[in-house]
């Protein structure tokens, strides 16, 4: 516990009037005991829930990944690392990794810069600014499943809204089969992801931009810096912490992507939009090869963990220095 | 699935998972432990959680109780997937309900092999044998009866008569080359020949499964599964025939992303008259009308065509239904209930009120819909039967068939590769 203030007071009250000097030692020990009990009492329910529903299942998945197991009874058919070797020979899973990388790259190169551009634009004084901000943020509030159903209808070949509109304005050539064509499915998926998530990143950037002191921009203006120079040399460096967080969220999101893909394409056509989470679901809940699915989840966990640790260590280092989460400065 | 060498801990875990069922079961474990009143309670597990079936079945149970005052029927209803997982847990714990829902095939076979299912051959002798032969198939192992059906259905082509007429096709094709020819004719008449839900994979699997039945014969799919070998020439040939069809580009635009029952899916495409045919089960007309407009009088049904030179026949059927089995040592009252449930009076009611196909030949008269009648005709003539692969095979193998056939249809796997992938998964499943 970081603070002993509250239990202290309580214990004091319980003990009644200040104890005589003889009993002081015993009283202190008792108080310490009470503090400890209170702390445990408060932590226990959360700890039990966390152990039962987070830690144990995670450890169990790690255990199950070394078995050939159908998901019922206890795993008993130990196969060592077979699930993992099979995993890294599986074209679908290797494809998952590749598609994850593609999505991360597309996000970094297109989605986030676009969000940044919109944020800079909407940070200016303009009429209806709040309305635009709200409109762009609105898609983020929709659930992924609803978004998937919506865009499944919009991108239905021929009958869908997209093809109809393109047809009406004479751009039939641009329309196509969207989710149904192996060569366009990833692009379509990325389009939907951008639609849904750029507003969220835009909001992050807007918050970051508000924190950029006007004086600095003005000083740069007086020094004769043009708009690009002001943005590049003043705004962007000050926005860097926000950018780093936004990249982090974007990458983790790409690693765990499931709902949207499951609803729109279920990983198809022919695995061309499958993600690690979708593959895991297929094996775990369709084929009942739970041991193998556990191996996938372990690899997903490892990738996320390694990325998160490396990112914190090398990229977020400056942002986290002196943060409240470190153990230092806790002594007093 | 069920591991022969189940550890003690595994056993305990399974029993814990089955907690509720176990408690309920131990409460009425014995044959006639009715106690002072002398009544027997039989437990009936089924998956009829939706109306109208739910209340029709409940009413039937009350009717049975009224006819047999000393018997109580306790109904336990579970949703389809929950039921499957609960049954798997119960199977490993070694105790099943008195009467339980079954689809027959591989899962029932496992339970039979574990000695947990009552052999009904002699106890259902006169009336059980009179049921529709094809409906009894999934529950027969080595000529012994382990279950009594209450529903049966099959897959076949549902077609739009008006569009066939437009393309100048006078009669539904009965051979594969005739079928391909009809597809070509429909195409040249600017009609999309077939609708397919590529996103869902299982509708595509029907083509391969039927083609394999036609090239290799009705028994072949089951034998190949048991031998864990799908690499025989007829299976590769089945893939090649499917390739021929795919080569004609017969499916609707964007079929690889289409769902089955959505407003832009396979059923709606046929139901709205935008494709001439679909390969689907007896439920197809309902879904067509539900997700699309429905074809009404223009809708027709024909069985999957014969492949020239193949071992299979036009009258061999790919399908499945639902039935009931009894746990080993279930009381006589449970057998009485099965008899009651398979009686003409009950079946008439089921056909009329819950839309199932009759398993009692005499209940046919209750079918009003001409299309369902057509399916029934086909079922009556059936000379061979293959159960739906997801019930006949272990889940991983069934899914692999779906997956590799989908790959074949989208052009990324050859017929040989399909046969090899399925074989590989079948071998992995021990």
Could you give the angle, 0 to 90 degrees to the nearest 10, between helix B:395-409's Cα long axis and the longest principal axis of the Cα atoms of chain B? 10
Percentage of interatomic Cα-Cα distances in segment A:186-332 larger than 21 Å: 62
Extension reserve of the residue A:137-residue A:158 stretch, reckoned as 0.36 nm per residue once the Cα distance is removed: 4.6 nm
According to the Cα gyration tensor, what semi-axes, each the square root of 5 times an eigenvalue, does the equivalent ellipsoid of segment B:98-238 have, listed from largest to smallest in whole Å? 38, 19, 14
What translational D, rounded to a whole number of µm²/s, comes out for segment A:82-320 from Stokes-Einstein when the hydrodynamic radius is the Kirkwood one over Cα pairs, at 10 °C and 1.306 mPa s? 79
Give me the distance in nm between label points sitting 7 Å out from Cα along the Cα-to-Cβ direction at residue B:233 and residue A:149, one decimal. 5.2
Segment B:207-278 and segment A:75-152: distance between their alpha carbon centers, rounded to Å: 34
Starting from the Cα of residue B:63, step 7 Å along the direction of its Cβ; do the same at residue B:51; then give the gap between the two resulting points in nm. 2.0
The equivalent-ellipsoid semi-axes of segment B:336-426, taken as the square roots of five times the Cα gyration tensor eigenvalues and listed largest first in whole Å, are 38, 16, 11
Specify the angular offset, from 0 to 90 degrees and rounded to the nearest 10, of the alpha carbon long axis of helix A:5-15 from the longest principal axis of the alpha carbons in chain A. 40
Counting only other chains, what is the mean number of Cβ atoms within 10 angstrom of the Cβ of each residue in peptide A:145-156? 2
Binned at 20 Å starting from 0, the alpha-carbon pair-distance distribution of the protein assembly as shown in whole percents comes out as 13, 38, 31, 14, 3, 0
What angle do you read, to the nearest 10 degrees and between 0 and 90, between the alpha-carbon axis of helix A:144-154 and the longest principal axis of chain A? 10
If A:60, B:150, A:200 are placed from fewest to most neighbouring beta carbons inside 10 Å, the sequence is A:60, A:200, B:150
Of all DSSP beta bridges located in the protein assembly as shown, what percent are antiparallel, nearest 5? 60
Please compute, for peptide A:264-271, the average count of beta-carbon atoms on other protein chains lying within 10 Å of each residue's beta-carbon. 6
When the convex hull of the Cα atoms of chain B is projected onto a plane and the area is averaged over all directions, what value comes out in nm²? 20.6
What is the distance in Å between the Cα centres of segment B:413-430 and segment A:24-54? 57
What FRET efficiency would be calculated for the residue pair residue A:76, residue B:219, taking the C-beta separation as r and a Förster radius of 30 Å, to the nearest 0.05? 0.35
Where the centre of each part is set by its Cα atoms, how far does segment B:280-335 sit from segment B:82-99, in angstrom? 26
Note: probe point = Cα of residue B:343 + 7 Å toward Cβ; backbone nitrogen < 13 Å; residues of segment B:63-102 passing the test are B:63-69
Within 10 Å of each Cβ of B:193-201, how many other protein chain Cβ atoms are there on average? 2
Going highest first, how would you order B:421-428, A:225-232 by mean Cβ packing within 10 Å? B:421-428, A:225-232
Given a Förster radius of 45 Å and the C-beta distance between residue A:39 and residue B:336 as r, what FRET efficiency does 1/(1 + (r/R0)^6) yield to the nearest 0.05? 0.10
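Since every read-out is calculated from the coordinates, none of them should be taken as a lab result. Predicted model only: the values in this text are computed from it and were never measured. Note that we place each Cβ from the backbone using ideal geometry, even for glycine, and neighbour counts take in every protein chain shown.
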